Amino acid sequence: MSNPPPSLPPTEPPAPIPRGLLTATLARGPLLLCLDFDGTLSEIVPHPADARPLSGVGEVLSALVRDPARIRVAIISGREIAEVRRMLGVERGIWFAGTHGLEIVGADGVSRLATGVEAAQADLAAARAWLARNIATSDGFVIEDKRVAIAVHYRMVDPTLARERCAALRDFVEAKTPALRVLRGKMIDELLPRGIGGKGSAIRALLQEAAYPKYVPVYFGDDTTDEDAFQQIRDDGIGVLVGSARPSWARYRVDSPSEVRRVLAELAQELLHTIKAPSR
Ligand SMILES: [Mg+2]
């Protein structure tokens with residue numbers, strides 16, 4: 001096996017997020033508020049291209065970016081940045097990490113690719129050709145080519161067939177494309193350059209971008225691909241799992257994207273309130 005075994009999360013499931021936790025943390029210092037998109041700001045939909053943020057999310061985000069010295073908002077997604085921007089409809093003042101951190105837009109607003117992406121291009125081309133021969137979109141697979149990574153969605157595929165084809169894909173990657181790894185998420189297998197990217201590394205890059213003053217990282221995400229980020233910030237940040245209880249590196253949990261919206265709206269309220277009344 002060339003893949004290192006993933007470290008297992010604590011078996012203790014995360015606790016419901018205490019009311020007022022984020023506003024209390026904000027009172028002590030600035031937050032780097034990192035948000036996954038699918039399943040966190042949007043409900044999961046059968047076809048990935050149809051995802052939309054929950055109603056009201058755009059307004060809440062617009063309110064949260066008003067005072068970047070106190071709250072810095074970043075979207076961290078497996079999607080390409082351009083696509084998340086289009087779906088959100090808000091982008092002013094927001095930082096982005098797309099394609100699992102292979103693509104970053106930070107303080108200067110300019111998109112940059114992670115170092116090492118180029119080295120995987122030949123293997124990505126080989127994988128692209130394999131997918132064209134072996135994965136039939138007529139079976140319901142959706143192949144999303146993000147240039148620096150390729151996602152294979154199988155939400156609409158017969159489960160037995162999906163299992164069989166994805167196993168074949170993983171065997172191919174293991175045997176033929178040493179520069180790639182397979183990242184497994186909810187009804188999705190993604191081919192990424194090995195050794196770079198991941199949402200944990202995206203948070204590190206964004207924290208570096210924020211640099212000074214020291215921001216406390218907060219991260220909301222719903223998927224196994226978010227565990228990397230939860231683990232990264234477990235000791236000095238606030239990880240919030242979105243969805244039903246399960247073992248996770250996140251310490252806290254909310255039930256659904258609409259709960260995320262509620263918690264963010266409270267935080268936005270607090271931010272606007274304290275902008276208007278700078279009594280201290
Ligand atoms: Mg997600």
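All of the numbers you see were taken from the coordinates with simple rules; none came from a lab. Predicted model only: the values in this text are computed from it and were never measured. Positions of Cβ are generated from backbone atoms using ideal geometry, with glycine treated the same way; all protein chains shown enter the neighbour counts.
Kirkwood hydrodynamic radius, computed over distinct alpha-carbon pairs, for segment 1-68: how many Å, to one decimal?
Values: mean 1/r = 0.0633 Å⁻¹.
By the Kirkwood definition, the hydrodynamic radius is 15.8 Å.
Two decimals is fine: what's Rg over Rh for segment 122-273, C-alpha atoms, Kirkwood radius as Rh? Can you show the working numbers first?
Values: Rg = 18.3 Å, Rh = 17.5 Å.
Rounded to two decimals, Rg/Rh equals 1.05.
Expressed in nm to one decimal, what extension gain is obtained for the pair residue 137 and residue 8 from 0.36 nm per residue of sequence separation less their Cα-Cα distance? Numbers along the way, then the final one.
Details: separation 129, 0.36 × 129 = 46.44 nm, distance 3.36 nm.
Once the chain is fully extended between residue 137 and residue 8, it gains 43.1 nm.
Restricting things to alpha carbons, find the Rg to Rh ratio for segment 97-165 using the Kirkwood radius for Rh.
Numbers: Rg = 14.9 Å, Rh = 13.8 Å.
Checking Rg against Rh, the ratio lands at 1.08.
May I ask you to compute the full-extension gain from residue 66 to residue 118, defined as 0.36 nm times their residue separation minus their alpha-carbon distance, rounded to one decimal in nm?
Details: separation 52, 0.36 × 52 = 18.72 nm, distance 3.65 nm.
Contour length minus the Cα-Cα distance gives 15.1 nm.
Which cross-chain or sequence-distant (5 or more) residues have an amide H under 5 Å from the amide H of residue 71, H modelled 1.01 Å from N in plane?
So residue 71 has HN proximity to 31.
Test of understanding: ordering 95, 249 by Cβ neighbours within 10 Å, fewest first, what list do you get? Please list the in-between numbers first.
Details: 95 26, 249 22.
Fewest-to-most Cβ neighbours within 10 Å comes out as 249, 95.
Name the residues of segment 51-81 whose amide N is less than 19 Å from a point 7 angstrom out from the Cα of residue 92 along the C-beta direction?
Zone members listed by number: 56-75.
Of all DSSP beta bridges located in segment 138-249, what percent are antiparallel, nearest 5?
Details: 14 of 18 bridges.
Percentage antiparallel, nearest 5: 80.
Compute the orientation-averaged projected area for the chain from the convex hull of its Cα atoms and round it to one decimal in nm². Display every interim value, and only then the final one.
Working: hull surface 58.5 nm².
Computed as one quarter of the Cα hull surface, the answer is 14.6 nm².
Take every DSSP beta bridge with both residues inside segment 64-142 and express the antiparallel ones as a percent of the total, to the nearest 5.
Details: 6 of 9 bridges.
Antiparallel: roughly 65 percent of the beta bridges in segment 64-142.
Identify, among 242, 192, 213, the residue whose Cα sits farthest towards the positive end of the charge dipole of the chain, taking +1 on the Cβ of Lys and Arg and -1 on the Cβ of Asp and Glu, with the dipole about the Cα centre.
So the residue we want is 213.
Give, rounded to the nearest 20 debye, the magnitude of the charge dipole that segment 118-193 has about its Cα centre when Lys and Arg contribute +1 at Cβ and Asp and Glu contribute -1 at Cβ.
80 debye
Across the chain, how many lysine pairs, 8 or more positions apart or on different chains, have C-alpha atoms separated by under 25 Å? Please give the number.
Close lysine pairs found across the chain: 7.
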